[in-house]
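Undergrad: Got a structure for you, written out below as structure tokens; questions coming shortly.
The values are calculated or read from the model by the stated rules, or taken from the named source; none is laboratory data. Keep in mind it's a predicted model, so treat the numbers as computed, not measured. Cβ: placed from backbone, ideal geometry, glycine included. Neighbour counts: every protein chain shown.
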Amino acid sequence: MTRAYDQEAARRYAQRRYRLLLAQVVWSAAALWAAHASGWSQAVAQWWTARWPHPAAALLGVLATLSAAYYFVMLPLHVFGSFTLEHRFGLSRMTARAWAIKEAKQLAVSSVLGLAMVEGFFAIVSHAPSAWPLWATAAWIIVSVILARLFPTLLLPIFYKTVPLPNADLVRRLLALCRRVGLPALGVFRFDLGAETRKANAALAGLGATRRVLVSDTLVSEFSVEEIEGVLAHELGHHRHRHIPKQLALESAGTWLVLELTRWASPWWIGACGLSGLADPAGLPVLALWLSLVRLVGMPLHNGFSRYCEWQSDRFAIATTTPAALAGALRRLAALNLADPNPPRWVVWLLYTHPPITERIRAADSAARG
């Protein structure tokens with residue numbers, strides 16, 4: 001059954017998301033600065049260093065302590081954004097218990113990955129004091145490729161039950177579409193998103209032997225076969241236009257540039273903050289604040305390229321399937337996801353990784369008319 005697109009509700013939802021994001025940015029920056037300015041991060045570093053003299057062990061203790069404190073400081077805004085607000089607008093179906101379980105899983109995965117990456121970063125900074133930006137960028141690229149390969153087989157099943165799609169006719173059509181554009185996949189798998197949200201999604205995930213089509217149960221139940229093909233064709237467009245390696249190259253260049261800028265600028269705050277060097281664990285809040293601000297400055301460039309890629313993938317989907325299939329799918333996505341029908345241009349420029357969905361629908365409708 002087609003869900004009506006409540007544009008007024010979508011506007012209200014979007015406005016609250018924008019305000020929440022602003023609050024999170026300001027509160028996060030204030031928390032990080034307060035951790036340093038109060039002397040608390042230095043006290044934590046001294047406490048752990050006294051008990052675990054080995055630098056890697058002390059860093060682990062400092063990082064765990066500071067990360068836990070930061071998580072609880074940000075928790076009220078996080079709960080409001082990921083649970084309260086989603087329920088208020090009818091987007092979430094999760095109980096408090098289900099949300100807590102998923103949150104625990106996300107914390108476990110992000111903690112393991114985060115601790116390993118920060119330990120690796122500090123080790124590189126300590127052992128290659130002049131060339132560390134290049135080595136850290138190379139390590140980031142390797143980790144990104146490994147995670148992309150492991151995502152469909154190792155990471156996704158942690159959060160969602162994933163099974164082969166039982167609809168044989170739909171499987172046949174989707175795999176045929178993949179073969180037609182030269183991107184064969186080993187199978188089509190359904191992941192159960194409907195237990196937590198009404199939103200829908202699809203992807204061509206994995207690399208090489210792990211590449212597979214992923215469709216949410218909400219997509220299968222709410223969309224026609226033609227619309228599902230349109231959604232998948234859009235995802236295939238990213239692969240045919242090699243958006244993933246292009247984005248990886250852009251992000252790698254950006255990562256190197258940020259790290260080089262950090263290497264150049266860090267002596268200014270190292271001395272001013274009373275730190276022994278960039279690898280001083282007491283400087284973690286200042287380093288995190290710096291990287292957050294630089295990332296914010298670079299967001300428009302990254303998001304602008306992402307929107308360009310999305311337009312390319314839309315055109316690919318229109319050429320591969322039909323404009324009507326993509327337009328119909330986008331209408332359903334707009335209704336299910338409560339997409340802002342008319343976001344401010346500055347919000348699009350700064351925050352949007354996709355073009356506004358109403359613009360995408362108009363483009364697909366225009367192609368359908370000829």
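Undergrad: Looking for something modelled with pLDDT under 95 and part of a loop (DSSP other than H, G, I, E, B) - is there at least one such residue anywhere in the range 287-304?
TA: The answer is no; no qualifying residue exists.
Undergrad: If you go through the range 163-183 one residue at a time, do you hit one that is within 19 Å of the chain's Cα centre (by Cα) and at pLDDT 85 or above?
TA: Within the range 163-183 (the criterion being within 19 Å of the chain's Cα centre (by Cα) and at pLDDT 85 or above), the answer is no, since none of the residues qualifies.
Undergrad: Looking at (1) under 25 Å from HIS54 (Cβ atoms); (2) at pLDDT 90 or above, which is the only condition GLN106 fails?
TA: Going through the list (1) under 25 Å from HIS54 (Cβ atoms); (2) at pLDDT 90 or above, GLN106 breaks only (1).
Undergrad: With TYR13, TYR5 as the choices, which residue is outside any helix (DSSP H, G or I) and within 20 Å of PRO344 (Cα to Cα)?
TA: TYR5
Undergrad: Would the range 88-100 turn up any residue that is crowded, with 16+ Cβ neighbours inside 10 Å, of a type in the set (Gly, Ala, Ser) and outside any helix (DSSP H, G or I)?
TA: So far as the range 88-100 goes, yes, one or more of its residues are crowded, with 16+ Cβ neighbours inside 10 Å, of a type in the set (Gly, Ala, Ser) and outside any helix (DSSP H, G or I).
Undergrad: For the structure I just gave you, tell me whether ALA98 is in contact with a Phe, Trp or Tyr (Cβ under 7 Å, 6 or more places away or on another chain) and in contact (Cβ under 8 Å) with a residue 24 or more places away in the chain.
TA: Criteria not met by ALA98.
Undergrad: Can you work out which of the residues in the range 327-370 that are free of Cβ contacts under 8 Å to residues at least 60 places away in the same chain and charged (D, E, K, R) is nearest to LEU20 (Cα to Cα)?
TA: Looking at residues that are free of Cβ contacts under 8 Å to residues at least 60 places away in the same chain and charged (D, E, K, R), I get ARG345.
Undergrad: May I pose another question? Only one of these is touching a residue at least 24 places away in the same chain (Cβ under 8 Å), assigned to a helix (DSSP H, G or I) and in contact with a Leu (Cβ under 9 Å, 6 or more places away or on another chain): VAL73, VAL109. Name it. I'd like the intermediate steps shown before the answer.
TA: On the way: VAL73 fails: in contact with a Leu (Cβ under 9 Å, 6 or more places away or on another chain).
The unique qualifying residue is VAL109.
Undergrad: Please determine, by comparing only the residues of the range 1-57 that are among the β-branched types (Val, Ile, Thr) and surrounded by 16 or more Cβ atoms within 10 Å (Cβ to Cβ), which one is farthest from ALA339 (Cα to Cα).
TA: Among those residues, the one meeting the criterion is THR49.
Undergrad: Farther than 30 Å from ALA64 by Cβ and not in a helix (DSSP H, G or I), is that true of ASN342?
TA: Numbers: farther than 30 Å from ALA64 by Cβ: yes; not in a helix (DSSP H, G or I): yes.
Answer is yes for this residue.
Undergrad: Out of THR197, THR262, THR218, report the one residue that is closer than 30 Å to VAL118 by Cβ and surrounded by 14 or more Cβ atoms within 10 Å (Cβ to Cβ).
TA: Of THR197, THR262, THR218, the one residue that is closer than 30 Å to VAL118 by Cβ and surrounded by 14 or more Cβ atoms within 10 Å (Cβ to Cβ) is THR262.
Undergrad: Separate question: Given ALA367, ALA324, ALA282, ALA288, which one is of a type in the set (Gly, Ala, Ser), within 25 Å of SER216 (Cβ to Cβ) and in contact with a helix residue (DSSP H, G or I) (Cβ under 8 Å, 6 or more places away or on another chain)?
TA: After applying the criteria, what remains is ALA324.
Conditions (1) out of contact with any Ser or Thr (no Cβ under 9 Å at 6 or more places or on another chain); (2) on the phi > 0 side of the Ramachandran plot; (3) at pLDDT below 95; (4) hydroxyl-bearing (Ser, Thr, Tyr), marked per residue:
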| position | (1), (2), (3), (4) |
| --- | --- |
| GLY206 | no, yes, yes, no |
| ARG212 | no, no, yes, no |
| ARG240 | no, no, yes, no |
| TRP268 | yes, no, yes, no |
| SER276 | yes, no, yes, yes |
| GLN312 | yes, no, no, no |
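Undergrad: Here's a follow-up. Give me the residue from the range 278-293 that is of a type in the set (A, V, I, L, M) and under 26 Å from the mean Cα position of the chain (by Cα) and, out of that set, nearest to LEU22 (Cα to Cα).
TA: LEU293
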